[in-house]
Amino acid sequence: MGFRLGSNFTNTPVNPAIVAAGPTDILVLPAINVPIDNAQVVLIFAVALGIDAVATGIEFDLYRGTSTTGVLLSVWGADFVAASMPADSLAGCWVDVPGIVAEQVYTLTGLTTAGVGNSAIFNACLIAMCL
């Protein structure tokens, strides 16, 4: 007798750039296709991007649900001197226990600080694995 653990991933950004005006959805994970029964969900992300020349920092927020309307799980950030990092990559992981749910969705958003232009997303991925 066997069993299957839920998982899913995406490497298709929903937006080509992080806009300077506010949080931008980068990745929306398709629903985990096996109901989660109090399982731990390990979330791993990586983003490579070209940063606006005026920006002084970048923040990535991970939400349970779709976009910023979901539950904020975690925040990653990097501060730097303006124009000192024309390209950067950032990766992170988080463990979530959403309870007993079906079709769970996760969203990674990005936000630049003090930026006036858009920060291009070169590559990105988000994966969720139930334990």
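The values are calculated or read from the model by the stated rules, or taken from the named source; none is laboratory data. Owing to the predicted nature of the structure, the values given are computational and were not obtained by experimental measurement. Counting neighbours? That spans all protein chains shown, and the Cβs are built from the backbone with ideal geometry, glycine included.
Here are the numbers for the structure shown:
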| quantity | calculated |
| --- | --- |
| Leading residue by the ranking (modelled with the lowest pLDDT) among those in segment 8-21 that are closer than 18 Å to M129 by Cα and surrounded by 16 or more Cβ atoms within 10 Å (Cβ to Cβ) | N8 |
| Sole exception among (1) free of Cβ contacts under 8 Å to residues at least 60 places away in the same chain; (2) of a type in the set (A, V, I, L, M); (3) surrounded by fewer than 14 Cβ atoms within 10 Å (Cβ to Cβ) for L73, by number | (3) |
| Candidates V101, V105, filtered to the one that is closer than 19 Å to L131 by Cβ and more than 14 Å from the chain's Cα centre (by Cα) | V101 |
| Options V47, V34, V42: the member that is part of a loop (DSSP other than H, G, I, E, B), of a type in the set (A, V, I, L, M, F, W, C) and touching a residue at least 40 places away in the same chain (Cβ under 8 Å) | V34 |
| Selection within segment 76-88 - surrounded by 12 or more Cβ atoms within 10 Å (Cβ to Cβ) and either among the small types (G, A, S) or modelled with pLDDT of 90 or more (or both) | G77, A78, A82, A83 |
| Residues that are under 18 Å from the mean Cα position of the chain (by Cα) and surrounded by fewer than 12 Cβ atoms within 10 Å (Cβ to Cβ), drawn from segment 22-50 | G22 |
| Positions within segment 51-66 being at pLDDT 85 or above and either surrounded by fewer than 16 Cβ atoms within 10 Å (Cβ to Cβ) or hydrophobic (A, V, I, L, M, F, W, C) (or both), in sequence order | F60, L62, T66 |
| V42 being aliphatic (A, V, I, L, M), more than 17 Å from C125 (Cα to Cα) and in contact with a strand residue (DSSP E or B) (Cβ under 9 Å, 6 or more places away or on another chain) | no |
| Within segment 20-29, tally of residues that are more than 19 Å from C93 (Cβ to Cβ) and not in a strand (DSSP E or B) | 4 |
